[in-house]
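Structure first, then comments.
The values are calculated or read from the model by the stated rules, or taken from the named source; none is laboratory data. No experiment lies behind these values; they were computed from the predicted model shown. Cβ coordinates were reconstructed from backbone atoms using ideal geometry, including for glycine residues, and neighbour counts include every protein chain displayed. These area figures cover heavy atoms from the full protein model, side chains too; ligands, DNA and RNA do not enter into them. Shrake-Rupley method; radii C 1.70, N 1.55, O 1.52, S 1.80 Å.
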Amino acid sequence: MMISKFIHRYSWVSTLAIVLITVIVYSWALQGLKVDFALLTSSAPYITDFISRLFPPDFKVIDIAIKALIETVQMSLWGTTIGAIISIPIAVASASNVAPSWLQWLANLLQNAVRSVPSIILGLIFVAATGLGAPAGTLALSIYTIGYLAKFYQQAIEAVEPRSLESLQVIGASRFQIAQYGIMPQVIPLSLGYTLWMFEYNIRAASVLGVVGAGGIGFQLKSYIDGFEYNKATTMMLVLLVVVTVIDGFSSQLRRRLESM
């Protein structure tokens, strides 16, 4: 009783300690960055000059932008689908309430290994394997998707209400029946929401993969920037912005409906 009163009376001490630790950590991180604030101030005119070259957009290449964007969406659709299918068994193997500990360790190690490889590196690997173009980007997105969706699916499985599983076990349900009636109804809506989010994210990632020649709108964007055709590059970015905004709004509404289930 006396200890709890002491902690309540001097709670400001713990708050002050947290603030001090936060300040120390961020100061340490800023020191490691070696930021030259004088250089940042003097570089402002160069940034302004580069941005001014992006306008006005050159809408003469709008047909090229739309064609490249369609390829980007196709890459994202197939990449997300393939990655999602492969993620399901990995997620089940890594879930603590389903799989044995040794299998969890292996599955989580695989997830961490995939997530540790940047999407650009995956793009380079598959460009070397299949050549320039959309197939390389699609394969890179598939592997990139596994690193995230497997983890999201795992968390969805681990968040299953244990009482519902126990009730099924009590009445003698088999493992398949437990998965069918206890796990899947709770996991599917959340997992579909995660998959939609990943599809939306992969459209942005596909545009980045184009920088290494993995197809899509990113390839055209890099080509125009390399050729100092900044007005055409702006058109590419505007088309991508419109499509990403539309998909974001649609998928957000659909995710809310799925989560309400």
(message) Name the single residue that is nearest to residue 242 (Cα to Cα) among those in the range 199-210 being of a type outside the set (Val, Ile, Thr) and surrounded by 24 or more Cβ atoms within 10 Å (Cβ to Cβ).
(response) 207
(request) Could you tell me whether the range 13-20 includes any residue that is open to solvent by less than 60 Å² (accessible area, probe 1.4 Å) and in contact with a helix residue (DSSP H, G or I) (Cβ under 7 Å, 6 or more places away or on another chain)? (result) no
(request) Filter the range 43-90 down to residues that are assigned to a helix (DSSP H, G or I), more than 27 Å from residue 151 (Cα to Cα) and open to solvent by 80 Å² or more (accessible area, probe 1.4 Å), then give me how many there are. (result) 13
(request) Can you confirm whether the range 169-180 contains a residue that is over 23 Å from residue 107 (Cβ atoms), assigned to a helix (DSSP H, G or I) and of a type outside the set (Val, Ile, Thr)? (result) yes
(message) Looking at 138, 195, 145, 130 in this structure, which one is under 30 Å from residue 71 (Cβ atoms) and over 19 Å from the mean Cα position of the chain (by Cα)?
(response) 130
(message) Would you confirm whether or not the range 152-165 contains a residue that is surrounded by fewer than 23 Cβ atoms within 10 Å (Cβ to Cβ) and of a type in the set (Phe, Trp, Tyr)?
(response) yes
(request) Look at the range 197-216 and say how many of its residues are touching a Lys or Arg at 6+ places or on another chain (Cβ under 9 Å) and part of a helix (DSSP H, G or I). (result) 4
(request) Give me the pairs, please: first residue somewhere in the range 158-176 and acidic (Asp, Glu), second residue anywhere and modelled with pLDDT of 75 or more and not in a helix (DSSP H, G or I), beta-carbon distance under 9 Å, and either six or more positions apart or on two chains. (result) 158/95; 158/96; 158/97; 158/98
(message) With the requirement that a residue be under 30 Å from the mean Cα position of the chain (by Cα) and open to solvent by less than 80 Å² (accessible area, probe 1.4 Å), what does the range 24-42 give you?
(response) 25, 27, 29, 32, 35
